[in-house]
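Read through the structure below, which is laid out as structure tokens, and then see the notes.
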Amino acid sequence: GRYVLDLGSGDGVTSLKAKREGASKVIAVDNNLLNRDRLKRHIKANHMDINDFCFVHANIHERSWLDRIPKDEIEIVVANIGPHYGDSDLEAIYLLEHLPMVHTFIGGGYGVRGFTRDFRPLNPAQALYGGTVDTPYNLLRKQGFANFKGIIEIEKVWSGEKQKRMAFIAEKAL
């Protein structure tokens with residue numbers, strides 16, 4: 001079965017979706033310990049097996065937590081954290097170096113304004129990352145991911161303003 005790693009899992013809604021889509025095991029990582037109980041409540045409310053999930057309380061920037069997960073079994077990484085938590089979205093991509101079996105990376109929480117429909121940065125020298133060119137797209141390309149698909153998720157109200165948010169799927173080139 002497929003193992004899914006949900007980075008910045010929050011209350012676990014994305015983890016539940018991964019399980020419904022066929023994951024045999026979902027590892028939810030979040031730095032807020034309260035989300036462990038929220039995930040458990042969601043699992044119970046959705047009549048799922050608690051043994052199919054694992055919650056890891058950790059900050060993804062501190063890599064010691066990687067020793068607590070089956071790194072060689074994870075095939076899909078989900079990181080619905082966008083650039084709103086410092087560089088956590090980039091750290092999620094850097095972590096792929098330690099996860100040799102990952103073939104799919106799903107990133108979310110990005111504003112549509114900064115990217116073209118195929119997830120190429122409109123202006124990589126400025127915009128989201130303080131003048132660097134280390135965009136998620138470029139970092140994933142460096143790690144062998146080549147097939148990018150952009151998806152408009154939803155319109156959210158953020159600070160009183162409607163904003164379209166985007167998620168993307170990156171697949172490793174064969």
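The values are calculated or read from the model by the stated rules, or taken from the named source; none is laboratory data. Because the structure is predicted, anything quoted here is derived from the model rather than measured. Cβ atoms come from the backbone with ideal geometry, glycine included; neighbour counts cover every protein chain shown. These area figures cover heavy atoms from the full protein model, side chains too; ligands, DNA and RNA do not enter into them. Shrake-Rupley method; radii C 1.70, N 1.55, O 1.52, S 1.80 Å.
Some values worked out for this structure:
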quantity: Entries in LYS19/LYS71; LYS17/LYS164; LYS40/LYS142; LYS17/LYS71; LYS19/LYS164; LYS25/LYS164 that, when Cα-Cα distance is taken, lie over 29 Å; calculated: LYS40/LYS142; LYS25/LYS164
quantity: Residue-span extension gain [LEU34 to THR104] - 0.36 nm each, minus C-alpha spacing; calculated: 22.4 nm
quantity: By accessible area with a 1.4 Å probe, ligands and nucleic acids excluded, highest first: order of SER88, SER64; calculated: SER64, SER88
quantity: Accessible area in square angstrom per residue, the stretch 14-78, 1.4 angstrom probe; calculated: 57 Å²
quantity: Largest-first ordering by accessible area, 1.4 Å probe, given options LYS164, LYS25; calculated: LYS164, LYS25
quantity: Using θ = phi - 60° and Karplus 6.51 cos²θ - 1.76 cosθ + 1.60, couplings along the stretch 90-100 (whole Hz; Gly, Pro as x); calculated: 6, 4, 4, 6, 4, 4, 4, 4, 9, 10, x
quantity: Built amide H within the under 5 Å cut-off of PHE55, gap 5+; calculated: ALA28
quantity: Spin-label model distance (nm) - HIS61 vs GLN143, 7 Å beyond Cα toward Cβ; calculated: 1.8 nm
quantity: Accessible surface ranking that places the most exposed of HIS47, HIS98 first, with a 1.4 angstrom probe; calculated: HIS47, HIS98
quantity: Net charge, VAL29 excluded, C-beta distance under 10 Å - Lys, Arg +1, Asp, Glu -1; calculated: -1
quantity: For the stretch 30-39, 3J(HN,Hα) per residue [Karplus equation, 6.51 cos²θ - 1.76 cosθ + 1.60, θ = phi - 60°, Hz, x = Gly/Pro]; calculated: 8, 8, 9, 4, 4, 6, 4, 5, 4, 4
